[in-house]
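Trainee: Dropping the structure in here first, questions after.
The values are calculated or read from the model by the stated rules, or taken from the named source; none is laboratory data. All values derive from a computational prediction rather than experimental measurement. Every residue, glycine as well, gets a Cβ built from its backbone with ideal geometry; the counts of neighbours run over all protein chains shown.
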Amino acid sequence: MIEDEFKYFCLSGDIPVGGPSTWHVTDWDQRRVVSVTMDGEQDDDSIAIKHYSRYSSHLSRDIYRIHVSHTGEIISTYTDPENDPTCCVHYPFLHEVFLPEGIQTVRRDELEELDRLGPDVDLVEYPPYLGGPTKKVVFKYYFLWQYAQWSWKEMNLWMRLPRHPNIVPFDRVVVDELEGRVVGFTNIYVPGGSLQENQSRVFRLEWLQQLIRVVDELNLRYGIAHQDIAPRNLVVDESTDSIMLFDFNFAARIHHPSPGEGESYCEDRNDVKGVIFTAYEIITRDSSLRSKPHEEQNLDDLGLEWVKHPGVKLNHPVASYQLILQEWRERRAGALYAAHPGDVPEAIDWPSMPKPPQKTETFMDAHGQPSYMTVEDWDESRQDVRDRGGKVLNWERPPQRLLDSGTRVLSTGEVINC
C-alpha cells in the first residue's frame, strides 16, 4: 500500500489573479490526474490535495475535475472530456530499444497486481512460462513524461549489469498490449522486507563486507555510482544469507564525459559515504545526520564511538564494523574515480533514449507577430489523441480499498472477473 504522505502530488496548476485556482492532482494510488478548482487565489497545492484526498477513493473514473468550497465540500463535478488533464506519454517501440542478449519481455496485461509499493512501483506476478511456477516481481514504470528519462536510465543500466550475488537481478522489459511499446521493467522480488522495514534481523558483519565488495565493483569495475545506498534499498536473500542492493533510480556513470538524460553524478552522494552512513543508521538507528542535504553530510560528524541502539542485534562488536569501514575508507581514498569510461575495466554504457516525434508550436512574439518553435512531443492530451484516431494507453486503476476487499486487478487497471 502506498503511504498517505506519498499518495498525492501536484505537478502543475493554474492560478490566475483573483482566482478561481485550479491544481492538477496526481493520484499515484489510482494512477490518474484530477483537477481541483477552488475560489480565489490558492497558491498552496497542499490545500487542493487535502480536499481531493477526502473523495479520491469514491470518485468515478469519468470525473476529471471537481469544484470545491473553501471548506472542501464538492460544489460540482465535471465529466466532459475538455476538462480531462490526463496526457498520453510517448513510449519507445521495442525495436528502438537495444536489448542485451538474454533479456526477455513481458506484456503489461500479463501482470497481476499484488501490492502497491510506492509511486510507479508495484509488486506483481505473472503466469508460468515454459511450465515454470508463477513468478513475483517488482514492476517499475511511468505514466507522466517527466519521469521518462529516469526510467530509461535505470532500466538500461540495470539490465546491463552482470548478475551479481549482491545485486537484486533484473527480470524483464515490460511492453504495452496495444503497440508493443516499452513502458517499464521488472526486477526479481526478494521477500522479507528491506533493512529499513524489517529491523528484527541480526545485522551481520558479513553483510557489511558483501556490501563493500559490491560497491567496489560498481564503482571501480563498472564505473557506476549507485548514489542512494540506504537501509530502504537493501534486502536479504535468506537462501544464500546475502545482502542485496536494488533501486538504481539515482545511479549514474562516474565522471562520464557525456552523461545521459536522467543521469547526474554528484560527489556529495558518493557510495563510500553512503555505505558508512547506512551502517551507522542500522547500528544506532539515528537518521538525523542523513536528513541533512547531501552537501552538508559529513562522515566526521558520526563520531569515534557509535552507541548501539538497544533493539539492534549484531553478530560482532560495534568496533569491528567501524574498523572494517575505516580501513575501507582509507583504501578507497587512494582509488581515483574514473575520468571517462575507458578508465574502468568493464564500463557500463547504454544508448540515448529514442526521441519522440516533433511538433511545431505557434506563439506571439514581443511585437505581436506569430512565431514558430519546434519541440519534442513527449506527451499529448488524451482527448487530442482520441480526436485524431490514435491509440490511448490508459493507466487508471481502482483504488486500494477495492484491492483490500479482494478485487483482483491487472497492471493495465482492468479488473479480473473471477
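Trainee: Just need a number here: residues in segment 121-172 that are surrounded by 20 or more Cβ atoms within 10 Å (Cβ to Cβ), more than 24 Å from Leu211 (Cα to Cα) and of a type in the set (Val, Ile, Thr).
Mentor: Selection size over segment 121-172: 1.
Trainee: Listed residues Gln210, Gln196; which is polar (S, T, N, Q) and in a helix (DSSP H, G or I)?
Mentor: Gln210
Trainee: Within segment 348-365, does at least one residue satisfy the condition of being acidic (Asp, Glu), part of a loop (DSSP other than H, G, I, E, B), within 27 Å of the chain's Cα centre (by Cα) and under 23 Å from Asp29 (Cα atoms)?
Mentor: No, segment 348-365 has no match at all.
Trainee: Among the residues of segment 1-37, which ones are assigned to a strand (DSSP E or B), of a type in the set (S, T, N, Q) and buried (at least 16 other Cβ atoms within 10 Å of the Cβ)?
Mentor: Ser21, Thr22, Thr26, Ser35, Thr37
Trainee: Please give the strands (runs of 3 or more DSSP E) falling wholly within segment 54-123 in which 2 or more residues are β-branched (Val, Ile, Thr).
Mentor: 65-68, 74-78, 104-107
Trainee: Could you list, in sequence order, all residues of segment 217-262 that are among the polar types (S, T, N, Q) and either assigned by TED's automatic domain parsing to the domain that holds Phe170 or within 16 Å of Glu206 (Cα to Cα) (or both)?
Mentor: Once the filter is applied, which keeps residues that are among the polar types (S, T, N, Q) and either assigned by TED's automatic domain parsing to the domain that holds Phe170 or within 16 Å of Glu206 (Cα to Cα) (or both), segment 217-262 yields Ser239, Thr240, Ser242.
Trainee: Within the bounds of segment 393-404, is there any residue that is in the same structural domain as Arg221 (by TED's automatic domain parsing), of a type in the set (D, E, K, R) and in contact with an Asp or Glu (Cβ under 8 Å, 6 or more places away or on another chain)?
Mentor: Checked segment 393-404: no residue is in the same structural domain as Arg221 (by TED's automatic domain parsing), of a type in the set (D, E, K, R) and in contact with an Asp or Glu (Cβ under 8 Å, 6 or more places away or on another chain).
Trainee: Can you confirm whether Gly102 is farther than 19 Å from Tyr147 by Cα and not assigned by TED's automatic domain parsing to the domain that holds Tyr141?
Mentor: For Gly102, the condition - farther than 19 Å from Tyr147 by Cα and not assigned by TED's automatic domain parsing to the domain that holds Tyr141 - is not met.
Trainee: Name the residue, out of Gly118, Gly102, that is within 19 Å of the chain's Cα centre (by Cα) and either closer than 22 Å to Asp176 by Cα or among the basic types (Lys, Arg) (or both).
Mentor: Exactly one of Gly118, Gly102 is within 19 Å of the chain's Cα centre (by Cα) and either closer than 22 Å to Asp176 by Cα or among the basic types (Lys, Arg) (or both), namely Gly118.
Trainee: A further question on this structure: Surrounded by fewer than 20 Cβ atoms within 10 Å (Cβ to Cβ), of a type outside the set (Val, Ile, Thr) and touching a Gly at 6+ places or on another chain (Cβ under 8 Å) - does that describe any residue in segment 255-266?
Mentor: For segment 255-266, residues surrounded by fewer than 20 Cβ atoms within 10 Å (Cβ to Cβ), of a type outside the set (Val, Ile, Thr) and touching a Gly at 6+ places or on another chain (Cβ under 8 Å): present.
Trainee: So, one more: Does segment 211-239 hold any residues that are closer than 26 Å to Leu123 by Cα, polar (S, T, N, Q) and touching a residue at least 40 places away in the same chain (Cβ under 8 Å), and which are they?
Mentor: Result: Gln227, single match.
Trainee: Within segment 317-347, restricting attention to residues that are of a type in the set (A, V, I, L, M, F, W, C) and not in a helix (DSSP H, G or I), which residue is modelled with the highest pLDDT?
Mentor: So, considering only residues that are of a type in the set (A, V, I, L, M, F, W, C) and not in a helix (DSSP H, G or I), the one modelled with the highest pLDDT is Ala347.
Trainee: What is the number of the single condition among (1) without any contact (Cβ under 8 Å) to a residue 24 or more places away in the chain; (2) touching a Pro at 6+ places or on another chain (Cβ under 8 Å) that Val121 does not meet?
Mentor: Here Val121 meets the rest and fails (2).
Trainee: So, in segment 366-390, how many residues would count as being assigned to a strand (DSSP E or B), surrounded by 10 or more Cβ atoms within 10 Å (Cβ to Cβ) and either of a type in the set (Lys, Arg) or within 35 Å of the chain's Cα centre (by Cα) (or both)?
Mentor: Selection size over segment 366-390: 5.
Trainee: Quick one: count up the residues across segment 38-53 that are closer than 24 Å to Trp145 by Cα and not in a loop (DSSP other than H, G, I, E, B).
Mentor: Residues in segment 38-53 being closer than 24 Å to Trp145 by Cα and not in a loop (DSSP other than H, G, I, E, B): 6 in total.
Trainee: Out of Ile66, Ile103, Ile75, Ile49, report the one residue that is without any contact (Cβ under 8 Å) to a residue 40 or more places away in the chain, surrounded by 15 or more Cβ atoms within 10 Å (Cβ to Cβ) and out of contact with any Asp or Glu (no Cβ under 7 Å at 6 or more places or on another chain).
Mentor: Just one listed residue meets the conditions, Ile66.
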